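No value in this document is a laboratory result; all are computed from the given coordinates. No experiment lies behind these values; they were computed from the predicted model shown. Using ideal geometry, Cβ is built from the backbone for each residue, glycine included, and neighbour counts are taken over all protein chains shown.
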Amino acid sequence: MRIGLLSDTHGILDLALKAVQAMGSIDLLIHCGDHYRDASKISATINVPVHAVVGNCDPRMDGPAEKLLEVEGVIIYITHGHRFNVKVSLYGLYNRSLELNAGVVVYGHTHIPGYGFTRSPGSPDKDDLLIINPGSISDPRGGSKFSYGILDIHGGVITPEIHYI
């Protein structure tokens, strides 16, 4: 399954739609908040399921603060990240992912793209947890560029990518 990742669109729909088009053929789109309603607007233009969470710039009643999906046996945890203070540390986000038995964490908030694999405590598998932030297509920070992410999941193998527009 090919999954598109967006975060922190902040109402900049022209770049969000450009990113979605650049993703090519996707089976699912994840939006990690800050302008949750953008996900609905994007959803109306594409023919794939869209899953979204709210961020710190969204009204609380717009949608869920976190979400779990299972894709090809892999549990994906989606959150914006502000509740875990991700601008300082990923420790809280990591702990929450362990509580949920997630294999992938997708978050935003920092506006800085990146990913890494790490080991869950007690796991026999090396690097069995992926933490990925697709960055922002509205306001990149930390010297990054406008970005989005792609996750390919096939047979339990997870391949992350960050792309720039």
Item checked: Full-extension gain in nm, R2 to R119, via 0.36 nm per residue minus C-alpha separation -> 39.8 nm
Checklist line | Dipole moment magnitude, nearest 20 debye, the chain about Cα centre, only Lys, Arg, Asp, Glu C-beta charged | finding: 320 debye
Next item on the list: Just subtract the alpha-carbon distance of C57 and I165 from 0.36 nm times their residue separation and send over the number in nm, one decimal.
Entry: 36.5 nm
Notebook entry, point to check: Between the stretch 1-34 and the stretch 48-63, what is the C-alpha centre distance in whole Å?
Noted result: 13 Å
Next item on the list: Would you mind computing, in nm to one decimal, how far apart the modelled labels at Y91 and I46 are, each placed 7 Å from Cα along Cα→Cβ?
Entry: 3.5 nm
Next item on the list: In a Gaussian network model over the chain where Cα atoms closer than 10 Å are linked, find which of L100, L15, L151 has the largest mean-square fluctuation.
Entry: L100
Next item on the list: Can you tell me the FRET efficiency between D128 and Q21 if r is taken as the Cβ-Cβ distance and R0 is 30 Å, rounded to the nearest 0.05?
Entry: 0.35
Check: Picking from G149, G24, G108, which is most flexible by a Gaussian network model of the chain using Cα springs under 10 Å?
Finding: G24
Next item on the list: Kindly put H82, H111, H154 in sequence by how many other C-beta atoms sit within 10 Å of each C-beta, fewest to most.
Entry: H154, H82, H111
Next item on the list: Let me have the 222 nm mean residue ellipticity of the chain computed from DSSP H runs of 4+ only, each contributing -39500 (n - 2.57), with the sum over all residues rounded to the nearest 500.
Entry: -4500 deg cm²/dmol
Check: Of all DSSP beta bridges located in the chain, what percent are antiparallel, nearest 5?
Finding: 65 percent
Checklist line | Average Cα contact separation per residue, the chain, under 8 Å, 6 or more apart, as relative contact order % | finding: 23 percent
Next item on the list: Arrange Y148, Y36 by Cβ neighbour counts within 10 Å, fewest through most, would you?
Entry: Y36, Y148
Item checked: Mean Cβ neighbour count within 10 Å, used as a protection proxy, ranking 46-58, 86-98 highest first -> 46-58, 86-98
